[in-house]
Amino acid sequence: MRATLARIIQSLLAFGRSLIVYTNKFIRFVRCSIQTQGLIVAFICICVVFPDVIFMGSSLRMTDQINGSFVAKTFYPQDGHRQWWQGYFDTGGAWYQSEPMMEFMLRTIREGDSPYWNPFSAAGALGPETLIDNKFSFFTLAYVALGGGSRVYNLVILFLYFWASYFTYRLAKEKLNVTFVAALAATLFYLLNGYAIANTGSNVSQSYLYIPMCLYLSMAFLEKPSALRISGVVLSFAVLFSCTFIPTTITSLMGIYGVLIGYAFLLNAKPQERIRNIFRILFAFSTCLILSLMLLAFIYLPIIENIGSSGTLDVYSERIFYPATWLQIVSLFSPSQFYESYNAGSLDVLPRYVYSNVVFHLGIVAIGLAACSIKSKKPRISPLVLVCFLTCIIGLGRIFGVPGFSLISFIPIIGSLSCQYWPPVVIIPMLVLIALGSDNLQHQLSARALSSIMLGIFIVSLAAVGLIYGLHEPNIQYKEASIILSIVTAVVSYTIMVALGYIPKTWMRTIGVSTLVLLLFAELIADSKIIRFGASDFFLHPSPDISFIKDNIGFFRTMTIGGNYGVRHELGSAFGIQEITSINMGTLPSYMNYFHTAVDLDKNQRVFYSYYPSLRSMLDTPNINRINWQAIDLLGVKYIIAPISYKNYRDVFINRGLIPVFDTSEVNIYQNRNALPRAFTIDADQMQADILLSQTPEMRLLFKPANITLYRNSEIRLEGSVDQSSFLILTDNWHTNWTAFVNGIETPIIRVNGTFRGILVPTGKYEVYMYYQPRTLKMAAFCTCAIILLLILLVINRKNIDDLLNKWLSKLY
């Protein structure tokens, strides 16, 4: 007994000595520069949030999860029932859109080609006007500049998270003037909240990576404008605006403005002329944002130019806003309760009024810390805290469809944004509130009334879900354990928050808040459901069926039906294979009309069918789907790829005369021998008056193939000869920005069959050259160069400009 007691005492003494040693090291660390602290904290946070990627070789890339080895490399243990995709919200955004477009941009820039037209998607699509695939985002361009591949992808995204963590820490320490522990809490919340984790690597959340940098530099600008700070704001927001996923770029900007308005009120504490001063300084800030957009004129002028022809406004205006239900309030606290959030939701047993993956969790501890941002002493609530709370309320009110917030529906574009895109409006001000709340707890300044209300909301919402929904299979034991742990977390965290108000010693309060931060980290890590696989570099090592098609396709096209196999939608853009399908926003409305006449799906199989020319949900039911083979032949579809399980379509294809040419364990590839050449001529007098091309057997005999001697993204050259004046038909999509020259003479391009290109060529030999260029591109290049020159002049003449700004500020204040 004495020996055991002696060992315990020795252990306690050793622990005490270690605590003293590490406390001294911590004190020395805290005394180092904030820049050094930020770098160290950011590095440590990235290591503890992404240890599987940094130390175990797993990948953040969605394609590696879907086409990888399926050998999980997981650092933090997960429940046995968990699947890799269940912790995500939208896997398709990266898989179908942004990651294939990274490969498209990589190949395009290597070959010195133009990214303003993509001939490999849906018979020809627009470039940056597609918006959602982020062709020109900083992430994409960094990936391209470093040579591509899974290793580069992971290095770039880890660096961006590191960079964001660094600025989050500095923002909290320098601009909010909080303690180290409070700044750490904000940094961990930034990395681990539900929106960040459930959208890791997605095109949806690329703009999220740049928010801390934009906030920090904007706050510095509001404090004291200078030439360098103006340049910093312009460049940082240019990086943010390079993410053209418009919904979350808009909501991110709303969240940033909410924080900055509050910060401007904080800086202008004197009531005299406060509103006027704030208006002036925010006007100057907004001018910087306009300069950021002008710097990106090469992206946004073509977008504005083609906003009508691309049908983007129509798509957004047709969307209907569906709010989250009150039953999902509990999802803000935890994604694991009576039902699970995101793709882990048991949609087969969930009530019809619950759609569980549209509310991203903030965490019990984080919500409690944010509630503590209200002080117990006057002034109880600072202007910054008040505006941040109001911004959060606006975001939550829109997500849950609170009466009164429906007026947002009348705002163009913003009013149609789905509720899953609104979390940045909540999360960005939450960073400020968590930092200030943690700091208030450390200094015994926090009022506990709001945290008590938050605890009550959690308990009531959890009880309501239990009474209305109840426990259901699957995974009842997991749900029970999650509910118990959530309740324990809520009780323990609230108890610590209350106890901190009665602890006199500063170092003890620091330990208490540190415990809360550790609890915040543990809770959010447990709720993150992180399972990742190793990097496969699928784009460097494609599957055998893709290699076969790439080697044999020539200038013909593919059509993939059903499932996610073979040349799934947009893989053609990645590998340089032309396809007739797409899940991208750049599909031209005229082609959509043609496509729906070519393949008419049963209404129960039309997932994405109305927005994109998609056959992803096409089932093996040829009796209720209709394929217009003449339309398919005219598109030049040489290969049709179908899942190996589609036996009914196999019979249909073989009876049609298609030949099975390549099989894998997942797909069959059929060759269509009736595919028409991509370019051919027909006598002018054979064309109908309304420029419709008939495909009767007799007419097809009159089609004379043309030679394609050059085929690049935005340049095409064709050659041939005809006995009389003829129409040259190229079955690529028509667009007004295509220009054609016949034997060196500019010639109009006529729309054929509603969507293809037709050119009248004279008797004899002809050479046709076509190129694509947005009409606003020259003006865009001028604007971009002008802003770059302006920024250079700002830096060179910064002393004179700073003197002018100081005179302006002296008058302002």
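The values are calculated or read from the model by the stated rules, or taken from the named source; none is laboratory data. In this text, all values refer to a predicted model and were calculated from it rather than measured experimentally. In this analysis, Cβ positions are derived from the backbone assuming ideal geometry, glycine residues included, and neighbour counts consider all displayed protein chains. Just so you know, the surface numbers come from the protein's heavy atoms only, side chains and all, with ligands and any DNA or RNA stripped out. Shrake-Rupley method; radii C 1.70, N 1.55, O 1.52, S 1.80 Å.
Any residue at all in the range 168-190 that is closer than 20 Å to ALA535 by Cα, in contact with a Leu (Cβ under 9 Å, 6 or more places away or on another chain) and in contact (Cβ under 8 Å) with a residue 60 or more places away in the chain? No, there is no match, as no residue in the range 168-190 is closer than 20 Å to ALA535 by Cα, in contact with a Leu (Cβ under 9 Å, 6 or more places away or on another chain) and in contact (Cβ under 8 Å) with a residue 60 or more places away in the chain. Scanning the range 469-482 finds one or more residues that are in a helix (DSSP H, G or I) and in contact with an Asp or Glu (Cβ under 6 Å, 6 or more places away or on another chain). Checking each residue in the range 608-644 for being among the hydrophobic types (A, V, I, L, M, F, W, C), open to solvent by 10 Å² or more (accessible area, probe 1.4 Å) and out of contact with any Lys or Arg (no Cβ under 8 Å at 6 or more places or on another chain) picks out LEU619, ILE624, ILE627, ILE644. In summary, ALA780 fulfils each of the numbered conditions (1) open to solvent by 20 Å² or more (accessible area, probe 1.4 Å); (2) in a helix (DSSP H, G or I) with the single exception of condition (1).
Within the range 564-577, if we keep just the residues that are assigned to a loop (DSSP other than H, G, I, E, B) and not small (Gly, Ala, Ser), the residue that is surrounded by the fewest Cβ atoms within 10 Å (Cβ to Cβ) turns out to be ASN564. The condition (being in a loop (DSSP other than H, G, I, E, B), surrounded by 24 or more Cβ atoms within 10 Å (Cβ to Cβ) and either charged (D, E, K, R) or on the phi > 0 side of the Ramachandran plot (or both)) is satisfied by just one residue among ASP113, ASP133: ASP133. Within the range 711-747, being of a type outside the set (Ser, Thr, Tyr), under 43 Å from the mean Cα position of the chain (by Cα) and part of a loop (DSSP other than H, G, I, E, B) holds for ARG712, ASN713, TRP734, HIS735, ASN737. Among helices (runs of 4 or more DSSP H) entirely within the range 578-681, having at least 1 residues that are farther than 22 Å from PRO705 by Cα, in contact (Cβ under 8 Å) with a residue 40 or more places away in the chain and not aromatic (Phe, Trp, Tyr) singles out 589-598.
Here's the yes/no breakdown for (1) of a type in the set (Ser, Thr, Tyr); (2) at pLDDT 95 or above; (3) assigned to a loop (DSSP other than H, G, I, E, B):
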residue: ARG751; (1), (2), (3): no, no, no
residue: GLU767; (1), (2), (3): no, yes, no
residue: THR784; (1), (2), (3): yes, yes, no
residue: LEU789; (1), (2), (3): no, yes, no
residue: LEU793; (1), (2), (3): no, no, no
residue: LEU805; (1), (2), (3): no, no, no
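Of the residues ILE759, ILE708, the single one that is outside any loop (DSSP other than H, G, I, E, B) and either farther than 29 Å from ILE304 by Cβ or open to solvent by 30 Å² or more (accessible area, probe 1.4 Å) (or both) is ILE708. Looking at this structure, is LEU282 hydrophobic (A, V, I, L, M, F, W, C), open to solvent by 10 Å² or more (accessible area, probe 1.4 Å) and at pLDDT below 95? Against the criterion (hydrophobic (A, V, I, L, M, F, W, C), open to solvent by 10 Å² or more (accessible area, probe 1.4 Å) and at pLDDT below 95), LEU282 qualifies. Residue count for the range 440-468 satisfying the condition of being in contact with a helix residue (DSSP H, G or I) (Cβ under 8 Å, 6 or more places away or on another chain), open to solvent by less than 20 Å² (accessible area, probe 1.4 Å), under 15 Å from LEU500 (Cβ atoms) and assigned to a helix (DSSP H, G or I): 3.
For the range 539-580, a residue qualifies if it is aliphatic (A, V, I, L, M) and at pLDDT 90 or above, and the qualifying residues are LEU540, ILE546, ILE549, ILE553, MET559, ILE561, LEU571, ALA574, ILE577, ILE580. Scanning the range 595-607 for residues that are in contact with a Leu (Cβ under 9 Å, 6 or more places away or on another chain) and open to solvent by 20 Å² or more (accessible area, probe 1.4 Å) returns ASP602, ASN604.
Identify the residue in the range 323-358 that is among the aliphatic types (A, V, I, L, M) and modelled with pLDDT of 90 or more and, among all such residues, is least open to solvent (accessible area, probe 1.4 Å). My answer is VAL330. Residues of the range 72-89 being more than 11 Å from TYR478 (Cβ to Cβ) and not charged (D, E, K, R), which ones? ALA72, THR74, PHE75, TYR76, PRO77, GLN83, TRP84, TRP85, GLN86, GLY87, TYR88, PHE89 - these are the residues of the range 72-89 that are more than 11 Å from TYR478 (Cβ to Cβ) and not charged (D, E, K, R).
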